[in-house]
1. Among all helices in the chain defined by DSSP H, which have a length of 15 Å or more along the axis from Cα atoms plus a Kyte-Doolittle mean of at least -0.5?
2. Sort 341-350, 17-26 for me by packing, meaning the mean count of neighbouring Cβ atoms within 10 Å per residue, highest on top.
3. Find out how many positive minus negative residues lie around Cys25, taking Lys and Arg as positive, Asp and Glu as negative, among other residues whose Cβ is under 15 Å from that of Cys25.
4. For Arg198, project a label point 7 Å along Cα to C-beta. Then give me every residue of the range 1-31 with its amide nitrogen under 11 Å of that point.
5. With a point put 7 Å past each Cα toward its Cβ, work out how far Thr278 is from Arg315 in nm, to one decimal.
6. Which cysteines in the chain lack any other cysteine whose Cβ sits under 4.7 Å from their own Cβ?
7. What's the FRET efficiency of Lys370 with Glu390 using the Cβ-Cβ distance as r and R₀ = 35 Å, to the nearest 0.05?
8. Mind giving me the nanometre distance, one decimal, between the label points for Lys359 and Glu15, set 7 Å out from Cα along Cα→Cβ?
Amino acid sequence: MKYSKEEVMQYIREEDVKFIRLAFCDVFGKQKNISIMPEELPRAFEYGIAFDASAITGFGDETHSDLLLHPDAGTLMLLSWRPEHGKVVRMFSSITYPDGRPFECDTRSLLKKAVEDAQKAGFSFAFGAEQEFYLFELDEAEKPTKVPYDYASYMDIAPEDKGENIRREICLTLEQMGIYPESSHHEEGPGQNEIDFRYADALSTADNTMTFQTVVKTVCRRNGIFADFSPKPLENKPGNGFHINISVKSSEHPENLCYMIAGILDKIEDMTAFLNPTEDSYKRFGNNKAPRYISWSSENRSQLVRIPAAVGEYRRAELRSPDPSANPYLAFTLMIYAGLHGIKNKLDLPPAADINLYKADAETLAKFRKLPEDLHTACMMAAASDFIKEHIPAAILDIYCNK
């Protein structure tokens, strides 16, 4: 449900809410928040709540450190794991300078602009998110280990799959918060799990992705285990993927899906530093269903982009290279603009690669472009890209490529 400001204030009064978290994230997608009391909410809506930006990675230094958070009433969500009396709610927030100018490193606002640009061009994009994560034991000091919670494999069931009840609790918690999972199962790695939720508009899906990681980590800690979303938690085991499903709608032209995919393939090298922003991200490529080559096909999980078996409104493309260390607001922003680039220029898709690229010979593989080999190469490609410079503020590009 999307609330208005007046409805939010009424909800706060009637539901015994004592703490309101104003949530945002740094440029790398790490969630932050400030808690305010109910009496401060009218001021937050009218003027914003100030915070010290110099303490946030990438948000500047002490010389110009004041920024303001402006809560988005439509994102009001009860944190169901907090106490029943003295409830806690959360709203995502936009960030501005004290003079009202948008803060250029507010990645959520970048996604809002991308959605608006797409709508002006006559298109709307929907996204679905699939994130994988490992469950690890905690040691006696309650610090994470690399000991998997179980040693089950793909889609195993209890008792081998010890994560079954954890996933159930996560899904029920998400449902209480208005986020509806579609499916959950054990993944290939020991202690590895996946939960997928319904597709929605870009901003809602990005918000839900942020919320999803928070819920998973909270539920797991409550059960005495640790949830690890890093790209490659265990050497020689499957990495964690962040598979992003995307579809495009307009009043006409069903071939826009093909143009959109062609645009994403055309710009994927430029975008990779933002889809895979850590050194370990590149250890995942080329094995265990994580792509290395720039290709597409229907249903084939060895490809960078696949078109899952679906019809009608469920027809979409799945980008398989991103990992959960990516900032979803930046990832979706770039995918929208790359899709629009393909549609605007009516880019032709290359021939489908209906082969298993993990088993193909060197001669066959030589015909395909490759994703960047490492983060340094990805950053060099991003820094040299006119596409990236057009859609990513210079401050964010500098933070990613000169960190």
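The values are calculated or read from the model by the stated rules, or taken from the named source; none is laboratory data. Keep in mind the model is a prediction, meaning the values are calculated, not measured. Counting neighbours? That spans all protein chains shown, and the Cβs are built from the backbone with ideal geometry, glycine included. Keep in mind that these areas ignore ligands, DNA and RNA; they rest on the heavy atoms of the full protein, side chains included. Shrake-Rupley method; radii C 1.70, N 1.55, O 1.52, S 1.80 Å.
1. The qualifying helices are 202-222, 256-275, 328-344.
2. For the peptides 341-350, 17-26, the packing ranking is 17-26, 341-350.
3. Net of charged neighbours comes to +2.
4. 1
5. Each label point is offset 7 Å from its Cα along the Cβ direction, giving 3.8 nm.
6. By the Cβ distance rule, which asks for a partner under 4.7 Å, the isolated cysteines are Cys25, Cys105, Cys171, Cys220, Cys258.
7. With a Förster radius of 35 Å, E is 0.90.
8. It is 5.2 nm.
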